[in-house]
Amino acid sequence: MTFLAPAAAALALTIPAIVALYFLKIRRPTRIVPALHLWPNQIRDRQANVPWQRLRPSWLLFLQLLAAAVLVAAALQPALPAGAALARHSLVLVDASASMQATDLSPSRLGEARRQVNAVIDQLGPSDRMTIIAVGPTARILASVTGDRDALHRAVNEIKASNGPADLSAALILAAGLVRPGDDARAYLFSDGIVQPLRASFAAGLPFPVEYHRIGVSGENVGLTSLTVRTSAQARAAYLHVQNFGQQARSVSVEWRADSRLLDIRPLTLAAGQAQDLVLPVPADATSVTARLGGGDVFALDDSATAVAKTPRAFRVLLVTPGNVFLEQALRLRADLQIDVVAPAAYRPSAAYAMTVFDRFAPQTLPDGPVLVVDPPAGSALAGGAALGIGRVRAVDAGDQLLANVDLQDVHVARSQDLRASTFGRPLITSLQTPLVLVREEPYRRVLFGFDLHESDLPLRIAFPILTQNLSEWMLPPSVPSHSFHPDEPVTIVPEPGATTVSVIRPDGSRRPIAPGSIATFGDTDIIGAYTVEQVLAGRVQRSWFSVNLFSDSISQLKPPDRLTLPPTRTTSTQATHHGQLEIWPWIALAALGVVAAEWLAFHRGL
Amino acid sequence: MAAALLEPALLRRLEGLALQVRRAVSGQMGGERRSRKRGQSVEFADFRNYTPGDDFRLIDWNAYARLDRFMLRLFVAEEELPLSLFVDLSGSMDWGTPNKAVTARRLAGAIAYVALAALDRVRLTVFADGPTSGGAPYRGRRAAAQLFARLQSFPVGGVTNYQRLVWPIARQRPGLSVVITDGLGDPPIDGALVALQRAQQEGAVLQLLAPQEIVPDWSGDARLKDAETGLEREFTATPLTQGAYVNALAQRTAQIERAAVRRGLRFARLSTDTAIDAMVQGTLRRLGLLG
């Protein structure tokens, strides 16, 4: 046992003081009574006085000494060694991701994590410090390097689970930034282990060890992991993917709704680990389709899914080419693009097109707006130097979003213009000889291919339609994307030209205004459901929709891993880890209150 | 002097009362009492106001014609009732608010006045550590002033000694005796009560206490001093010790009452905060001492 406030031992002087007061004799006022023999022979000294007297045994004295002793004991703040091993600086990472909403523990995984963290806070010693970081789609510091228990309890109790994933890497980077070299620090991760894979930047290790405290027990969950609406020439249909992530067979019901109209309810039995696809026709006038699982499980977030059924508004795109079936087909893969193809001789600048693609042709002046130029002819402003033979093709940055899912491994280019001296923009795809594809952001998003597609096998690779899709969506994002987003994923909204007001109505009915006239990134997508984008055009309200769904197999599988792969520790100091302390003075103070109450009772009963 | 002890209005109300005895008495002189010696005397003795219930044949119509109010002519046709008043004026009686000794004098005066108004003979004895006679017996309403003066002339003080009452009680002729005391003397009053029974006395023991001694109005530490003996003792008044005192007082009262009843005497405990009028009209009438 240790004492957190040993200086309070000085208060023990009250004990001899109380005894001394009992040695003093009371000066009593004289009262004349008619018959002394009727009064009982009972005396209790209550007050100090001058002349000394013999100390008489007294219940009151005993209780007062006991009360003083217990109060002194409480003031010393005794503490017992507690179970948890604590460093001087404890970094507590609390998983606040979607999976922590699971109710396999009462009241939830997050509630259990809060309880455990609060217990650790109670064990902090007087010189210990703690930092609390919530690990959600972003990492947030809720309390920074403090020993204030009240503030720490408040911070923990304010943590709310998000609907997104847990970005553990960001949280660890944040925590590492709070630790100075030589600090005695230790991190405690309270999580179900369902986190995003760690980024590669931890090779050098962390300046503190990380303890994984597993929260959660069950992986029994049936979830909806995909819902899309596809339109064919004949009809529209919704495709739903349902999966049982648990180890036991489950019977559920699937309820379909178009907007608020009930379309169908069908029972479904899934064996352990089984997935099933369901297809349902969608009415032509439906705006959105919602699927909902009935039967209940420990995780409600993946029990409903919403998809937008309306086709997005189309953009007009002008393709100026002497003939390029690869490019034309790749552009037509995007459902919201309406492609007009003209020969270079027939090209006339027009404001009716949202994007223009020039293949082996370049006008004197490029039109305003997004432009894709492929192999500009010699003599044009964008043309590069003399053609070079090209060896291996590679990405400048493999992590570039414009090259997402684009595999350049088997792509070959025979010849390309020399773009090394070009000031068009930054290189996206390059070779040993010259950059092959350049991109620029200002004043408009534009792309320049230095080679003729016919002199490359790129159009024959799967990478080509994907690259075209990536580039076209970057240059000309859909006005309002109609596909499903993940929670907290930003959504790019391009207001219609001439829109006076633009706002987004969230599934909970709250409205968020967006500045019209510029491309906006809408980030308030933490709630699952259908979002409505309202634009007012010449007094007419135009609505479009997008949806936010969990759709994450890694989250829906729910089963907490027993072990979590964590970065290595780069120990920079001696870990002076000590056991936490469980303060017992509140109970002693409670006992003191009881003794004082007994003393008060004894005093008034005249004991 | 009489006015100082009892108010005239109270005296007028007292004139309507009379002492009551359970058996016939034989006094030395006539009175309003039913006597064993049947009344031969027709000697006029006194007037008194008519009160409802009186024998209207005794109304003096001449007086009514002169004064326009009913007066009774009293004759020494009946025998008197010897009333002996024993009033405790020991040190313990000089205590309380209202003071017990003052109240005892007033109560004794009131009872005596009822007797004097009915032509009964009143003998007064005050006592503390010994009895002191109040002089020759008083008789007739005119003697009231003298008796009141005598009552007020006695000092208060001394230790209560009931044993020394035995001798003066034994000298009494059969009649009515009233003892007014706080009953707190040590040893208790039992010996005196036995003497009353032997002297064929009807009557009552009236225990007079101050409200502050019935329920103590103080608490805390004190040095208690006995009002009679001057003995002192340290004491701490708490609800517990005060409860013990109240119990001891109640036991003492019950002891006196038991002893009185055993000797054929009436008993009442009176508090000095009760008005004399209320004591007489209420307690003493209920007790059957006055009617």
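The values are calculated or read from the model by the stated rules, or taken from the named source; none is laboratory data. Since the structure is predicted, the reported quantities are computational estimates derived from the model, not experimental observations. Here the Cβ positions follow ideal geometry from the backbone for every residue, glycine too, while neighbour counts run over all protein chains shown.
Quick look at the values:
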read-out	value
Scope the range A:253-267; condition surrounded by fewer than 18 Cβ atoms within 10 Å (Cβ to Cβ) and under 14 Å from A:Gly294 (Cβ atoms); matching residues	A:Ser253, A:Glu255, A:Leu262, A:Asp264, A:Ile265, A:Arg266, A:Pro267
Yes/no for A:Val217 being of a type in the set (A, V, I, L, M) and surrounded by fewer than 18 Cβ atoms within 10 Å (Cβ to Cβ)	yes
Search result, residues across the range B:86-107 that are more than 14 Å from chain A (Cβ to nearest Cβ) and more than 14 Å from B:Met279 (Cβ to Cβ)	B:Phe86, B:Val87
Residues that are of a type in the set (S, T, N, Q) and either part of a loop (DSSP other than H, G, I, E, B) or on the phi > 0 side of the Ramachandran plot (or both), drawn from the range A:202-241	A:Ser218, A:Asn221, A:Ser232, A:Gln234
One residue from A:Leu428, A:Leu438 being free of Cβ contacts under 8 Å to residues at least 60 places away in the same chain and touching a Ser or Thr at 6+ places or on another chain (Cβ under 7 Å)	A:Leu438
Residues of the range B:212-221 satisfying the condition of being small (Gly, Ala, Ser) and within 7 Å of chain A (Cβ to nearest Cβ)	none
Only listed residue being in a loop (DSSP other than H, G, I, E, B) and in contact with an Asp or Glu (Cβ under 6 Å, 6 or more places away or on another chain), chosen from A:Pro495, A:Pro507, A:Pro487	A:Pro487
Residue identified as surrounded by 15 or more Cβ atoms within 10 Å (Cβ to Cβ), within 13 Å of chain A (Cβ to nearest Cβ) and under 20 Å from the mean Cα position of the chain (by Cα) among B:Leu249, B:Leu209, B:Leu224	B:Leu209
Strands (runs of 3 or more DSSP E) (entirely within the range A:81-149) containing at least 1 residues that are touching a helix residue (DSSP H, G or I) at 6+ places or on another chain (Cβ under 7 Å) and buried (at least 22 other Cβ atoms within 10 Å of the Cβ)	A:89-95, A:129-135
In the range B:97-132, residue nearest to the chain's Cα centre (by Cα) [restricted to those that are among the β-branched types (Val, Ile, Thr) and either closer than 13 Å to B:Thr181 by Cα or outside any strand (DSSP E or B) (or both)]	B:Ile111
Residue under evaluation A:Gly529, criteria (1) under 21 Å from the mean Cα position of the chain (by Cα); (2) surrounded by fewer than 14 Cβ atoms within 10 Å (Cβ to Cβ); (3) at positive phi, criterion not met	(2)
Residue in the range B:252-271 that is nearest to the other protein chains (Cβ to nearest Cβ), counting only those that are in a helix (DSSP H, G or I) and crowded, with 20+ Cβ neighbours inside 10 Å	B:Arg252
The range A:54-97: number of residues that are modelled with pLDDT of 80 or more and of a type in the set (Ser, Thr, Tyr)	2
Residue within the range B:162-174 that is touching a Leu at 6+ places or on another chain (Cβ under 7 Å), over 24 Å from B:Asp120 (Cβ atoms) and within 14 Å of chain A (Cβ to nearest Cβ) present	no
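Yes/no matrix, rows are residues, columns are (1) under 23 Å from A:Ala378 (Cβ atoms); (2) of a type in the set (A, V, I, L, M, F, W, C):
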{"position": "A:Ile390", "(1), (2)": "yes, yes"}
{"position": "A:Asp400", "(1), (2)": "no, no"}
{"position": "A:Leu403", "(1), (2)": "no, yes"}
{"position": "A:Asp407", "(1), (2)": "no, no"}
{"position": "A:Asp418", "(1), (2)": "yes, no"}
{"position": "A:Leu428", "(1), (2)": "yes, yes"}
{"position": "A:Leu448", "(1), (2)": "yes, yes"}
{"position": "A:Ser472", "(1), (2)": "no, no"}
